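Q: This is the structure I want to talk about, given as C-alpha cells.
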Amino acid sequence: MFVNHLKIFSGSANRELSEKICRYLATPLGHSTLKRFSDGELFVEIDENVRGADVFIVQPTCTPVNENLMELLIMIDAARRASARRITAVIPYYGYARQDRKTAPRTPISAKLVANLIVVAGARRVLTMDLHAGQIQGFFDIPVDHLYALPVFLQYIKEHFKGNEIVIVSPDAGGVERAREYAKRLESTMAIVDKRRPRPNESEVMSIIGDVRDKIAVIIDDMVDTAGTICKAAEAILDRGAREVYAIATHPVLSGKALERIAASPLKALIVSDTIPLREEAKVLDKIKVLSVANLLGEAIRRIHTDDSISSLFI
C-alpha cells in the first residue's frame, strides 16, 4: 500500500538527487514530460495516474532560479488538476530565501511572494533544508518540515577530526546559532568572524572573536554563493594562528567567481551537500567534496507519507 500510493516526481534541476531518494525508498521515480514551446513557455505532463496519490515533487529552485521555480509551480498545478490527494513540494534549496525582509524602502520581500506562489499552485506541504532564515517557515500557510544537513556533516567531522583539535567558526553573526549547535554536539570551542559588507555579495572581514590559535578551524554556513565571505574568513583565521581551515556549507550555489576564489584560497577543503547539483567546472575542483542528503530527505518523505513523526531527524 505504501509503494502503490506514494508517487515521487522530479523536476529537471536535480534529477540525480531524486533518483537517490527513490533508491532509498525502493520506489520508482515517476514519469513526467517537460516540453518548451518556441516562445520559451514551459509545458509539463504527468505520464501516469496520480488520482488519490500522495505526490512528492523534488525540485530545488537553484540556477536558473526563475526557470526552476516556474517548473515547480507548473508541476504542482498539473498534479493538483490530476486529482492527487496531497502534494508536497520537496525544495532542498529554497531560492529567494535571502530576500526575507525589507532592507531598504520600496523593496520586496520575495521569499514571502515565492511562498504564496507555491501555496496557490496547490502544494499542501513543503519539505526543505537549511533555510537561510528559519522564520521563512512562517511565510507559508501550510505545514513546513525544515530539515538540517547537520547529521550528515556531523558524521563527516567526527570521522575526520578529533573534537579537542577543532574550533567551529561562524562566518557572521547571523550564523552563530547554527555554529553553536555543531560546537555543542562536538564538545568543541566556537569562534565568530566579525565582518562588514559594503555592497551586496561583497564582504570584508574585520576581526575574529574567539581563540583559533593552533586549532583546525571548521567554518559552518548555510550556503556558499560567490565564496567571498568564506575565503576572506579563512585568510583571517589563518592570520590568527589556526593550523588549517575547512569550510562546510549545505547549498553550493557557487556563482560568479566562486570557483576561482576557492581554488586560490587557503581552504583545505569545502564540504557541501547535493541539494544543488555541481556544474562541471566545480566537479573537477579537488577542494570541493560533496556529501549526499538523499537518505535524510528520503526518510523524511517516508515518514510524512506514513504520518510518522520526523522529530528524530533533527538530532
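Q: Run down Val119, Val90 and say which single residue is closer than 28 Å to Glu45 by Cβ and surrounded by fewer than 20 Cβ atoms within 10 Å (Cβ to Cβ).
A: Numbers: Val90 fails: surrounded by fewer than 20 Cβ atoms within 10 Å (Cβ to Cβ).
The unique qualifying residue is Val119.
Q: Oh, and also: Does Val50 fit the bill of being at pLDDT 95 or above, surrounded by 19 or more Cβ atoms within 10 Å (Cβ to Cβ), among the aliphatic types (A, V, I, L, M) and not in a helix (DSSP H, G or I)? Please lay out each step first, then the result.
A: Numbers: at pLDDT 95 or above: yes; surrounded by 19 or more Cβ atoms within 10 Å (Cβ to Cβ): yes; among the aliphatic types (A, V, I, L, M): yes; not in a helix (DSSP H, G or I): yes.
In short, yes.
Q: Under 7 Å by Cβ, and 6 or more places apart or on different chains, what pairs join a residue from the range 171-189 that is aliphatic (A, V, I, L, M) with one that is part of a helix (DSSP H, G or I) and surrounded by fewer than 16 Cβ atoms within 10 Å (Cβ to Cβ)?
A: Sorted first by the residue in the range 171-189, then by its partner, the pairs are Leu186/Gly163.
Q: Still on this structure, I have one more. For the range 27-42, how many residues are surrounded by 10 or more Cβ atoms within 10 Å (Cβ to Cβ) and part of a loop (DSSP other than H, G, I, E, B)?
A: Keep residues of the range 27-42 that are surrounded by 10 or more Cβ atoms within 10 Å (Cβ to Cβ), which gives 27-32, 34, 36, 41-42.
Subsequent filtering for residues that are part of a loop (DSSP other than H, G, I, E, B) retains 27-28, 30-31, 41.
Total meeting the criteria: 5.
Q: Being part of a strand (DSSP E or B), touching a residue at least 40 places away in the same chain (Cβ under 8 Å) and hydrophobic (A, V, I, L, M, F, W, C) is the filter here, so list the residues in the range 80-106 that pass it.
A: The first filter runs over the range 80-106 and keeps only residues part of a strand (DSSP E or B), leaving 86-91.
Then drop every residue that is not touching a residue at least 40 places away in the same chain (Cβ under 8 Å), which leaves 88, 90.
Correct list: Val90 only.
Residue-by-condition table, conditions (1) surrounded by 23 or more Cβ atoms within 10 Å (Cβ to Cβ); (2) at pLDDT 95 or above; (3) within 19 Å of Asp221 (Cβ to Cβ):
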{"site": "Val245", "(1), (2), (3)": "yes, yes, yes"}
{"site": "Ile248", "(1), (2), (3)": "yes, yes, yes"}
{"site": "Pro266", "(1), (2), (3)": "no, yes, yes"}
{"site": "Thr275", "(1), (2), (3)": "yes, yes, yes"}
{"site": "Arg279", "(1), (2), (3)": "no, no, no"}
{"site": "Arg302", "(1), (2), (3)": "no, yes, no"}
{"site": "Asp307", "(1), (2), (3)": "no, no, no"}
{"site": "Ile310", "(1), (2), (3)": "no, no, no"}
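Q: For Lys289, state whether it is modelled with pLDDT of 95 or more, under 24 Å from Pro92 (Cβ atoms) and of a type in the set (Lys, Arg). Even if it seems obvious, please write down each step before you answer.
A: Values: modelled with pLDDT of 95 or more: yes; under 24 Å from Pro92 (Cβ atoms): yes; of a type in the set (Lys, Arg): yes.
Here the answer is yes, as Lys289 does meet what is asked.
The values are calculated or read from the model by the stated rules, or taken from the named source; none is laboratory data. Quick caveat: nothing in here was measured; it's all calculated off a predicted structure. Heads up, the Cβs are rebuilt from the backbone with ideal geometry, glycines too, and the neighbour counts pull from every protein chain shown.
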